[in-house]
1. Tell me, which helices (runs of 4 or more DSSP H) lie completely within the stretch 177-236 with 3 or more residues that are modelled with pLDDT of 95 or more, closer than 22 Å to Ala78 by Cα and touching a Leu at 6+ places or on another chain (Cβ under 9 Å)?
2. So in the stretch 181-222, with the set limited to residues that are hydrophobic (A, V, I, L, M, F, W, C) and over 16 Å from the mean Cα position of the chain (by Cα), which one is nearest to ligand 1 (Cβ to nearest atom)?
3. If you check every pair at least six apart or on different chains, which have Cβ atoms under 9 Å apart with a residue in the stretch 139-150 that is within 20 Å of Arg105 (Cα to Cα) first and a residue that is assigned to a loop (DSSP other than H, G, I, E, B) and among the hydroxyl-bearing types (Ser, Thr, Tyr) second?
4. Please find, among Leu141, Leu133, Leu149, the residue that is closer than 23 Å to Ser90 by Cβ, away from ligand 2 (no atom under 16 Å from the Cβ), crowded, with 23+ Cβ neighbours inside 10 Å and aliphatic (A, V, I, L, M).
5. Quick one: which residue in Pro42, Pro84 is within 16 Å of ligand 1 (Cβ to nearest atom), over 23 Å from Leu210 (Cα atoms) and in contact (Cβ under 8 Å) with a residue 12 or more places away in the chain?
6. State the number of residues belonging to the stretch 202-225 that are crowded, with 16+ Cβ neighbours inside 10 Å, of a type in the set (Gly, Ala, Ser) and under 18 Å from Met187 (Cα atoms).
Amino acid sequence: MASAPLFPLEARGLTVVLGGHTAIERIDFVLDAGARIAVLGPNGAGKSVLLRVLHGLIAPSAGEVLWAGSAARARDQAMVFQRPVMLRRSALANVEFALAMNGVRGPERRARARDAIERVGLSSLAARSARVLSGGEQQRLALARAWSLRPRVIFLDEPTASLDPAAASEVERVIGEIHAAGTAIVMTTHHLGLARRVADEIVFLHEGRLTERTAVERFFNAPQSPEAARFLKGELPWNKSSPEPSAD
Ligand SMILES: Nc1ncnc2c1ncn2[C@@H]1O[C@H](COP(=O)(O)OP(=O)(O)OP(=O)(O)O)[C@@H](O)[C@H]1O
Ligand SMILES: [Mg+2]
């Protein structure tokens, strides 16, 4: 794992156009080591695209992403996707594969994979084929896979989206442990209670633009942008296919 300086992570004038649609527009953003940020906003606001471009999976159409002043993508970073993709092999092997791809070999690989799976509460399912795990189990496995890499920043795209309440609080606990281990967290969520408990700051996106970045309590008590105020009152439109914001 590379140990080159990573922070600050800076987005400068970040714009992403996909299929003729401007998904995010001129976003400026700085992330310091150990930060905990929740990215909120209505469906289609550009949250997932922002995480993907920060993680280096989409090239910006304009602007740049800099890690400690350099455009080279850092390796000490991991992402958990809204819809995780699993290889057709066991849960444990999925984590081991990610470690192998990151150069972790031998007994350490097995030990780290087992440890990560245990931490997300999936030990009893370690030998099961990852593809037959339920949606929530796959989401936890994806978290284990990302965490096993011991990243210094982790991007989590709706980490509790399809989890039952017990699994969601497990994941919340795991996110707390990841942060306690020194990892910066950038998370999108529609669970406002989760954002409030886990994040220190809220970044709010509306129609691809960052309308505010505010300390978490202040955001929920007195949002600075009219868009966020409307969002918190439930007045911004929601896509019927996606979950509505909830208090938990
Ligand atoms: N590959 C693509 N081609 C064209 N448009 C895209 C593509 N990917 C995303 N978009 C569009 O970019 C916008 C932002 O999408 P994004 O997935 O970031 O939204 P989001 O804020 O994550 O929404 P949600 O809360 O539903 O997850 C949407 O209008 C989406 O349709
Ligand atoms: Mg999304």
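1. So the answer is none; nothing clears 3.
2. Ranking the candidates gives Leu210 first.
3. Trp147/Thr183; Arg150/Thr183
4. On the way: Leu133 fails: crowded, with 23+ Cβ neighbours inside 10 Å; Leu149 fails: crowded, with 23+ Cβ neighbours inside 10 Å.
Being closer than 23 Å to Ser90 by Cβ, away from ligand 2 (no atom under 16 Å from the Cβ), crowded, with 23+ Cβ neighbours inside 10 Å and aliphatic (A, V, I, L, M) holds for just one of Leu141, Leu133, Leu149, which is Leu141.
5. Pro84
6. Residues in the stretch 202-225 being crowded, with 16+ Cβ neighbours inside 10 Å, of a type in the set (Gly, Ala, Ser) and under 18 Å from Met187 (Cα atoms): 1 in total.
The values are calculated or read from the model by the stated rules, or taken from the named source; none is laboratory data. All of these numbers come straight from a predicted model, not from anything done at the bench. Neighbour counts are summed over all protein chains in view; Cβ atoms, including those assigned to glycine, are modelled from backbone coordinates with ideal geometry.
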